[in-house]
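Asker: This is the structure I have questions about; it appears just below.
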8 protein chains.
Amino acid sequence: MDKLDKEILKILSQNGRTSFKQISEAVGLTSPAVKTRIEKMEKDNIIKGYSVNLDNKAVGFMVTAFISVAVETAARDEFYSYVQTCPNVIECHGITGHYFALLKVLFKSTMDLDNFLNKIQKFGETSTNIVLSTYKEPHNINLMDEEI
Amino acid sequence: MDKLDKEILKILSQNGRTSFKQISEAVGLTSPAVKTRIEKMEKDNIIKGYSVNLDNKAVGFMVTAFISVAVETAARDEFYSYVQTCPNVIECHGITGHYFALLKVLFKSTMDLDNFLNKIQKFGETSTNIVLSTYKEPHNINLMDEEI
Amino acid sequence: MDKLDKEILKILSQNGRTSFKQISEAVGLTSPAVKTRIEKMEKDNIIKGYSVNLDNKAVGFMVTAFISVAVETAARDEFYSYVQTCPNVIECHGITGHYFALLKVLFKSTMDLDNFLNKIQKFGETSTNIVLSTYKEPHNINLMDEEI
Amino acid sequence: MDKLDKEILKILSQNGRTSFKQISEAVGLTSPAVKTRIEKMEKDNIIKGYSVNLDNKAVGFMVTAFISVAVETAARDEFYSYVQTCPNVIECHGITGHYFALLKVLFKSTMDLDNFLNKIQKFGETSTNIVLSTYKEPHNINLMDEEI
Amino acid sequence: MDKLDKEILKILSQNGRTSFKQISEAVGLTSPAVKTRIEKMEKDNIIKGYSVNLDNKAVGFMVTAFISVAVETAARDEFYSYVQTCPNVIECHGITGHYFALLKVLFKSTMDLDNFLNKIQKFGETSTNIVLSTYKEPHNINLMDEEI
Amino acid sequence: MDKLDKEILKILSQNGRTSFKQISEAVGLTSPAVKTRIEKMEKDNIIKGYSVNLDNKAVGFMVTAFISVAVETAARDEFYSYVQTCPNVIECHGITGHYFALLKVLFKSTMDLDNFLNKIQKFGETSTNIVLSTYKEPHNINLMDEEI
Amino acid sequence: MDKLDKEILKILSQNGRTSFKQISEAVGLTSPAVKTRIEKMEKDNIIKGYSVNLDNKAVGFMVTAFISVAVETAARDEFYSYVQTCPNVIECHGITGHYFALLKVLFKSTMDLDNFLNKIQKFGETSTNIVLSTYKEPHNINLMDEEI
Amino acid sequence: MDKLDKEILKILSQNGRTSFKQISEAVGLTSPAVKTRIEKMEKDNIIKGYSVNLDNKAVGFMVTAFISVAVETAARDEFYSYVQTCPNVIECHGITGHYFALLKVLFKSTMDLDNFLNKIQKFGETSTNIVLSTYKEPHNINLMDEEI
């Protein structure tokens, strides 16, 4: 991955729908060269996909929360399946510290979140932090930044 | 926002680069009708942008961590500026619980994370959880799902 | 609910036994108009009832405490029933954070509280905070306040 | 305070607007006797007032939270004044445990709560638990209950 | 219990072996009057006994620790019996907070304490604080002190 | 310190006012021999004094609490002086764990405890556990016990 | 163990491969006298062995972590066996505080650490702290230092 | 670093004083070849040195403890210097979680540890865990183990 790849990724991070033509003009390559580079990064799994950034509140999900779960050993397999299929879990990691997993979840109301907690707590104890406001929306790291 | 809008958003969530034509075929609208709907959702701020999903490890950022920060009152303004400009902070929320803010950060090594903690801790005490593995990558909620 | 409704609620918050006549004089409506408005707010479930504020110590309940309970999943139904019927639990909420429920309880002595904890702890681990002094008694929010 | 007083308080706890006449019929006393007993309990500060029970969500306050505050010693006086005058604090106690004070607060949105936390955190560190659902609304203890 | 009783208790708190004669001289009563008062306080269970203050390290118990135990409900009765009969537990209380009981224990070595923890932890999780130094030895409150 | 010394200490632990004569009969020594042994143990600081065991509630101190204090470094000297002179602190230790000192305190009411916390918290943050009931009163370890 | 023994141990702490001859020159003894002293310290179990200090990252172990484990009573024996045989556990202690055991572990990647946590958590809940940087490598205390 | 290097390191891990000759016989190389390999690993900083394993209690250090320190930002430089020069700190790491640094310390008595805590706490709050027993002494990871 060279500097041109990074420039391409920076452009796609800012707007994932930028056309090959627009990218080629910005980076000084031909359009097919851009396409080849992008396809290579897709094949190398550097690019895992493209998405649209939604305003969760605007689409009706008023409550964003982070939930730490101390999943009990015997319940791990069932927990993994549940997390994979539950549509409200939009992100899930295994983490260091006292808990086993950290979930990011979206719900229409605190009542829905309460129902979810009732279900998830059968896997182990939880600690829930509701998002009060967002200072910086999720976004890609800028690979062109010299300081990182 | 009707059911057709939700279908469009579902398609864009799965692939943000899907063309108007492909979407129009999938949802049974004309291509200009799809374009109009999408532009309306962009204008209404339902759609905030489009992005590319990177494999952070593949682009050299081996360490993902969540950092809770109990930012001291006097340091709030400086903290906000710092977080906005620091390229390694890829997400930041104000949360309930004992801490004030939750940061998601990316670093090339634990040593770089250590340097960052040295800087961020001047704003208040922190608690750091490193991501050991990711069970579910960040993604959009499926608005077509009946159960959510 | 308009400004007059809010004025009526403010008056009733300060003294729940204020007569329709007294309210009507204060807000500049006829007595039947006040009655109609109050009955509407009762019907709309804005007003859920009227109560008397007791001095708990004066009626013999020397110990007020807040108890957080991490109710285990299997014990939830039994916990709900117990809390509903136990006269010493005067308030109970499902909350975010590490615990599942927050109870406000009244007891005649710390010994009685100790007995209660012995019972409630079969539902899950608890954390108990005894009220040492009360800086602001429970009261209604002032709907006429411009700043809230 | 004898058994008849307790019966009167039970009736007023259930409906604070019950008339002297209705109470007198229920407890088998004359109406003036009921009035005299109630006035005595008011004078003895057993009865501290009468209020109306509002549905906080119905009057626009969607967020109820409990906030623990570890108020720093030097900031105590200022904290007391602030809590007394802040309309959103509807209850405040000094408690045992790690924190100094426990506040019950009402806000129209999580954003308003976030602003409040920004102000209150200048007095000391806080821990915030949002109410997800209420299993038992605040109410008076039943003095006629034999088991308490 | 009057002021003379308090003076007698102060003297006995300082030296539990002070003779009736010495006490009578100090408080200005006859020796039989002192005896009568003390016997009354013993009968009224104000005085529960007399003891000798040992230097625990001098008698071979190098390790003093406070252990908080979150005794599980099912194990309560067995826990009470164990604590009553275990000679190393020299004090045990039911307390508010996260834990159920607080024990004060004495051991000859940290290895002995480790063995004890292995036993006591079958009743529930524990948190152990070892005494590093003692700033104020256990003693009676001075009932003659005007400020307490 | 031999087995006879231990027997004498056991007798004095059970009743600190046992006369030399009674002890001599119990252990099979002459009364002067007992006196000599006790005086030696006093001189060797094995015996630090004699005291009377009071029922704290019976003498008016309804509230017993354990307070952990994270004394700030700059306030240590002032903290030591305060603890030494404050009559309500009946025991104080430096301990391992998160806090610096553990205090055992007696107060007439929770209000008095609240006032004390206001004073002590200027030295650092505190965590307070109130005693709900006492399963085993403070007492000496039995040096004759074979198992300890 | 006299001052000469301490000097010998200091030399061996700095370089465990120093020959008897080099030590004898440094401490002013004959080579056989040094050998005799060292053998005696080996026999007295003061010296438990000799080792080589490796750079864990250089030999491929990128992740060092400390894991606290609240081992459940019933699982203790199995836990001890597991810890003894698991090659990644390079140190294990029983400790005071909330947890039962503290492990120092080495892994090639955070993914391997995650797998290990999945196994170890069947013995009880854990809390994991990853080493971000090392300010002082493990080494022997300097017995010649006057201040310790 | 090949398999032979790993065999040499395994031998040195078990006994750091094994001669080149003994190693050469064990691994089937000539003695000079072993020497060359070891010197290369020393030069490559794979081998950082050789040491002697002492029994800390046998050399007079009865108390081993792990201390977590939340070093305040302004005190970092002074903390680093202190830790480097303080002979009782035998290991120090920067770690994830709530605290900043984890220290392993050795002291002759709990009193000495108490004095140390008094000094170290000026850098920030601490949490101290005393080692009660050691289940597995610090040792090198076995690079020949197939399972790690």
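Asker: Starting from the Kirkwood radius over alpha-carbon pairs of region H:63-130, derive D by Stokes-Einstein at 37 °C in a medium of 0.692 mPa s and give it in µm² s⁻¹.
Answerer: Value of D from the Cα-based Kirkwood radius: 277 µm²/s.
Asker: Continuing with this model, one more query. Relative contact order of region A:3-43: what whole-number percent is it, with Cα pairs under 8 angstrom and at least 6 residues apart?
Answerer: Across region A:3-43, relative contact order equals 35 percent.
Asker: Per residue of F:109-121, what is the mean number of Cβ atoms on other protein chains within 10 angstrom of that residue's Cβ?
Answerer: 4
Asker: Suppose R0 equals 56 Å. What FRET efficiency, 1/(1 + (r/R0)^6) with r the Cβ-Cβ distance, do H:Asn45 and C:Thr134 give to the nearest 0.05?
Answerer: The computed FRET efficiency comes out at 0.30.
Asker: Specify the angular offset, from 0 to 90 degrees and rounded to the nearest 10, of the alpha carbon long axis of helix A:31-43 from the longest principal axis of the alpha carbons in chain A.
Answerer: 30 degrees
Asker: Distance from a point 7 Å along Cα→Cβ of C:Asn15 to each backbone N in region D:1-44: keep the residues under 17 Å and list them by number.
Answerer: Label zone hits: D:16-20, D:35-36, D:38-44.
Asker: Now, a different point. Please give the FRET efficiency for C:Ala26 paired with B:Met62, using the beta carbon to beta carbon distance and R0 = 56 Å, rounded to the nearest 0.05.
Answerer: Given R0 = 56 Å and the Cβ-Cβ separation, E is 0.25.
Asker: Tell me what chain A gives for mean residue ellipticity at 222 nm when only DSSP H runs of n ≥ 4 count, each as -39,500 (n - 2.57), the sum divided by the residue total, rounded to 500 deg cm²/dmol.
Answerer: When only DSSP H runs of four or more count, the value is -11000 deg cm²/dmol.
Asker: Could you tell me what a quarter of the Cα convex hull surface of chain F works out to, in nm² with one decimal place?
Answerer: Projected area, direction-averaged: 11.5 nm².
Asker: Given contacts defined as C-alpha pairs under 8 Å and at least six residues apart, what's the relative contact order of chain G, whole-number percent?
Answerer: 27 percent
Asker: For C:Met111 and A:Ser109, FRET efficiency with R0 = 35 Å and r from the beta-carbon atoms, rounded to 0.05?
Answerer: The value I calculate is 0.25.
Asker: So for region G:1-79, averaging the separation of alpha carbon pairs under 8 Å that are six or more residues apart and normalising by length, what relative contact order in percent results?
Answerer: Dividing the mean separation by the residue count of region G:1-79 yields 19 percent.
Asker: Once fully extended, how much extra length lies between G:Met144 and G:Ser81, figured as 0.36 nm per residue of separation less the alpha-carbon to alpha-carbon distance?
Answerer: Difference between extended and current length: 18.9 nm.
Asker: Could you work out, residue by residue across B:40-50, how many beta carbons of other chains sit within 10 Å of that residue's beta carbon, and then give the average as an integer?
Answerer: 5
Asker: Next question. Determine, for H:Asp77, D:Asp5, the number of other Cβ atoms within 10 Å of each Cβ, and report the residues in order from fewest to most.
Answerer: Going from sparsest to densest Cβ surroundings: H:Asp77, D:Asp5.
Asker: For a quick check, take a GNM of chain G with Cα springs below 10 Å and name the residue from G:Lys40, G:Lys21, G:Lys136 with the largest mean-square fluctuation.
Answerer: G:Lys136
Asker: Still on this structure, I have one more. What dipole magnitude, in Debye to the nearest 20, does chain H give about its Cα centre under +1 on Lys/Arg Cβ and -1 on Asp/Glu Cβ?
Answerer: So the dipole magnitude of chain H works out to roughly 380 debye.
Asker: In debye, nearest 20: dipole of region A:63-130 around its Cα centre with unit charges on the Cβ of K, R (+) and D, E (-)?
Answerer: Its charge dipole is roughly 100 debye.
Asker: What ranking of A:Ile141, A:Ile148 emerges when the number of other C-beta atoms within 10 Å of each C-beta is taken as an exposure proxy, fewest first?
Answerer: A:Ile148, A:Ile141
Asker: Let me ask something else about it. Provide a whole-number value for the mean count of partner chain Cβ atoms within 10 Å of the Cβ atoms in peptide C:53-63.
Answerer: That works out to 6 on average.
Asker: May I pose another question? Hey, if you put +1 on the Cβ of every Lys and Arg and -1 on every Asp and Glu Cβ in region H:35-144, which of H:Asn115, H:Tyr82, H:Met144 ends up farthest toward the positive end of that dipole?
Answerer: Towards the positive end, the residue furthest out is H:Met144.
Asker: Hey, which lysines would be in cross-link range of G:Lys40, C-alpha to C-alpha under 22 Å, not counting anything within fewer than 8 residues on its own chain?
Answerer: Straight-distance partners of G:Lys40: G:Lys3, G:Lys6, G:Lys10, G:Lys21, G:Lys48, H:Lys57.
Asker: For the protein assembly as shown, what is the convex hull volume of its Cα atoms per residue in Å³?
Answerer: Dividing the Cα hull volume of the protein assembly as shown by its residues yields 218 Å³.
Asker: A follow-up question, please. Using the per-residue mean of other Cβ atoms lying within 10 Å as a proxy for protection, in what order, highest first, do the peptides F:93-104, A:116-127, B:100-111 fall?
Answerer: F:93-104, B:100-111, A:116-127
Asker: Right, something else. Could you identify the residue of B sitting closest to the B-F rotation axis by Cβ and state that distance rounded to whole angstrom?
Answerer: Result for the B and F rotation: B:Glu125, 6.
Asker: Follow-up. With the dipole of chain G worked out from charges on the C-beta (+1 for Lys and Arg, -1 for Asp and Glu) around the Cα centre, which of G:Ala65, G:Val131, G:Ile11 lies farthest toward the positive end?
Answerer: G:Ile11
Readers should treat all values here as calculations from the given coordinates under stated rules, not as data from a laboratory. All of these numbers come straight from a predicted model, not from anything done at the bench. Please note: Cβ atoms are built from the backbone with ideal geometry, for glycine as well, and neighbour counts cover all protein chains shown.
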